[in-house]
Structures are given as C-alpha cells and as structure tokens.
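Each value in this text was obtained by applying a stated rule to the coordinates, not by laboratory testing. For clarity, every value in this text was computed on a predicted model and none was experimentally measured. Glycine gets a Cβ as well: all are built from the backbone with ideal geometry, and neighbour counts include every protein chain shown.
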Ligand SMILES: [Zn+2]
C-alpha cells in the first residue's frame, strides 16, 4: 500500500490562539502519482504549511467543508503566495456554495497565472457523493448539519490485491518467474501443465479510510461516513464533557498511515 501522510496544521476551531491556528488539514497520498490536498484552509494556511516544512506548490486540490471564516479565510493568502511563487498549474476548490470561492478570491487585486477551478459539492440530502475517482482512491463527501451548507469528506483507498508468496509456493510456483506477469495481466496462466488463477495466489490488503469533518452537529451522516474509518478528524468549537454526548475533541496530532 502507498503511504498516506496527514499533517493537522490548525486545531483551534473558532478563534486562533498564540500557539494554535485555524483548521487546515494537509494530506499526501504518496506513490508514483503523488496526490496532495488540503481539507479546509484556515487563516495563514500557507504559513502553517511552511512551518511544517510542506510545499505549497505541490497542492492539487482544496476541499472546503463550509464557509465559516475559520475554515476558509486562508484561501486568499494562499492564492497570493502561490502567485508570487509562480504557480502555473490550475488548482481546484471543492465546496458547497462554490460561488463563495470566487468571491473569497476576488476581493483583492492580485495577478495570478494559474486557473482556479471551483467545483460544487452537494450540501443537501443524505447521499455520499464521489468527487474524485482514480485507481488508488476515491474522495467522497456527505452533507452534514451545521446551520449553513456544510459537508464532511473522506478519502477511501481501494483494496489492493497482491501476490502472496506463501500461497504461490503452495501451488508450486517458484520465487520468481515469468508466469507472475501473465497472472497479473490475464488473471490466469499455465505453469508446468497446470492452470493457475491469480485469485489462488493473491491476498488482499484493505484500503485505508480517512474522514474529516468540520464542526458539524453529531448527525447520522457523519456517523455513516465515519463507519469503519481508520482515522476520523473531527473539528469542534464547543466542547462538552457530557459522556455519550456530542463531542469528539479536535485532534492534535501528526500521524502517518502506512
Ligand atoms: Zn462552522
């Protein structure tokens, strides 16, 4: 499996403190086709990225949960810094109320060569929507309850089948052989007169599921999306100690998922 690296660059929710910044979650899916995104973009996000030693230029996409200031006011500054640094590749912003992306980036004078693409994320209903799909993972969203249009996101890595050397040995295959390529490409092969299927010698590694939500009410949607998650990052502004009640405190961590 590829490595997923997550850096949580802001944990302070509604108002910043001297030590803590607003919500900005940096995720890298590290393989040959490296993918890098932000979930939410709090104030000074570009500086938080720099302080963490992360490249702002390698960002592919930004996923905004909702348009409360603590989740999005970093967009303008990030865009200006990208322009100063000479970015030319487009950047895509996924959000509910996508017209707000244009507004939030349009109230200052700034010249940038790169295109900003704004994509609508549905904020009504209870369905999980696939926003981005490739061979390695999907990124999906679900509407959540927050008094304003709001969504939660999940990166869902696909399960991966690989050749299990122990199983291969049991069916009589040598450690290395041309037959493995055929098994991968065609799903079956003949070896020493015996038909062997890829499934006979394969094992499956379950893909990881990473879920991020802004400060939603606890609702069925977030419970649904968080099912079987390997990691749930849940922002919250008001914390209650009431057992069994609403809150999971904002996580403060740096975590690698291998
Ligand atoms: Zn909010």
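Placing a pseudo-label 7 Å from each Cα along the Cα-to-Cβ vector at residue 110 and residue 165 gives an inter-label distance of 5.1 nm.
Suppose R0 equals 51 Å; then what is the FRET efficiency for residue 58 and residue 195 from their Cβ-Cβ distance, rounded to the nearest 0.05?
Details: r = 46 Å, r/R0 = 0.90.
The computed FRET efficiency comes out at 0.65.
Per residue, the average separation of C-alpha pairs within less than 8 Å and at least 6 apart gives segment 153-211 a relative contact order of 56 percent.
The alpha carbon centroids of segment 1-32 and segment 64-130 are separated by 17 Å. Spin-label model, residue 119/residue 175: points 7 Å from Cα along the beta carbon direction are separated by 4.4 nm. For a label point 7 angstrom out from the Cα of residue 206 toward its Cβ, which stretches of segment 150-191 have the backbone nitrogen within less than 20 Å? Only 154-164 fall inside the zone, counting backbone N under 20 Å. A viscosity of 0.692 mPa s and a temperature of 37 °C, combined with the Kirkwood radius over Cα pairs in Stokes-Einstein, give a translational diffusion coefficient for segment 1-110 of 232 µm²/s. Its DSSP H runs of at least 4 residues, each contributing -39,500 (n - 2.57), put the calculated 222 nm mean residue ellipticity of the chain at -5000 deg cm²/dmol, to the nearest 500.
Given a Förster radius of 22 Å and the C-beta distance between residue 145 and residue 227 as r, what FRET efficiency does 1/(1 + (r/R0)^6) yield to the nearest 0.05? Plugging the Cβ-Cβ distance into 1/(1 + (r/R0)^6) gives 0.80. With the simple spin-label model, which puts each label point 7 Å out from Cα in the Cβ direction, the residue 34 to residue 89 separation comes to 0.9 nm.
Just the Kirkwood number for segment 162-202, please: inverse of mean 1/r across all distinct Cα pairs, in Å, one decimal. Write out the running numbers ahead of the final one.
Working: mean 1/r = 0.1019 Å⁻¹.
Result for segment 162-202 stands at 9.8 Å.
Across the chain, the fraction of Cα-Cα pairs farther apart than 25 Å, rounded to a whole number, is 50%.
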